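Heads up, the thing below is written out as structure tokens.
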Amino acid sequence: MNISTKFALAALASIAMTPPTAHAEQIALAIAGQVKSVTGNASVVNGHVHVGDAVTGYYVFDTETADGNPSPLQGVYRHTGPEYGMAAEINGLRFESDPASVDFTLTLENDLWGPGRGDSARLASKHNLFGPGVPAASTDMTISLYERNSTALSSDALSAEALLAPQWYAPQASPFAQSARLSIYGSDGGSKFLVEVTITHAERIDLPGSM
């Protein structure tokens, strides 16, 4: 399934205008899923986002980013350059990392609680933007991946292969077995909202000019 939408490609084109750091390997991964739940009364999402709506998105990271945690079980990779970050679109409503203030961290945990007790990954973007035509608001965006049998990761190293492991996205026999979700939390100044998305697919896409 090709989920390299016009939305993702247009956003990636703007990212590609920023010169990459020397020796960096930029990776772009696209995601697709459906809205699982919508809570809160914020006008940002009220009437615009519904359970079952299709969601597309992407994120960009650098495999050469230094691990900020010396533990071999947990890798923490923080990105602050404007060429990195996360974005999602629901019914034309965009949520994306602010290129002027990127704070995008990927955390991978391999057997953190002991062998066979689960692998996880958390991708968190702070300082995000809404659009188009949405009043100024604050929001956090997080992708959470979990797999109970510790077969998704073989180390805490950051790679496309680790984040694309099929175990994350397998049909859920139980939410306690594996899960892949996107959470978008924020407020429009007065009212808060939370959109939970079940991610059903992920794939690598080319950065413009890399083909």
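Looking only at residues in the range 66-102 that are among the acidic types (Asp, Glu) and over 19 Å from residue 163 (Cβ atoms), which one is surrounded by the most Cβ atoms within 10 Å (Cβ to Cβ)?
Here the answer is 89.
When you scan the range 4-24, do you find a residue that is surrounded by fewer than 20 Cβ atoms within 10 Å (Cβ to Cβ), polar (S, T, N, Q), under 21 Å from residue 163 (Cα atoms) and modelled with pLDDT of 95 or more, even just one?
no
Go through the range 180-209 residue by residue and tally those that are surrounded by 17 or more Cβ atoms within 10 Å (Cβ to Cβ) and assigned to a loop (DSSP other than H, G, I, E, B).
2
Looking at the range 33-51 only, could you name the residues that are within 18 Å of residue 143 (Cα to Cα), surrounded by fewer than 21 Cβ atoms within 10 Å (Cβ to Cβ) and of a type in the set (Gly, Ala, Ser)?
37
I'd like to know if the range 113-129 contains one or more residues that are aliphatic (A, V, I, L, M), modelled with pLDDT under 95 and under 20 Å from residue 57 (Cβ atoms).
Yes, the conditions are met somewhere in the range 113-129.
Just the residues that are in contact (Cβ under 8 Å) with a residue 24 or more places away in the chain and either crowded, with 21+ Cβ neighbours inside 10 Å or of a type in the set (A, V, I, L, M) (or both), please, taken from the range 119-129.
119, 120, 121, 123, 125, 128, 129
Please specify each residue of the range 87-128 satisfying the condition of being farther than 21 Å from residue 36 by Cβ and hydrophobic (A, V, I, L, M, F, W, C).
Passing the criteria: 100, 102, 104, 106, 108, 112, 113.
Being of a type outside the set (Gly, Ala, Ser), within 14 Å of residue 34 (Cα to Cα) and modelled with pLDDT of 80 or more is the filter here; which residues of the range 157-193 pass it?
169, 181, 182, 184
The values are calculated or read from the model by the stated rules, or taken from the named source; none is laboratory data. These numbers come from a predicted model, not from an experiment. We place every Cβ from the backbone using ideal geometry, glycine too, and count neighbours over all the protein chains shown.
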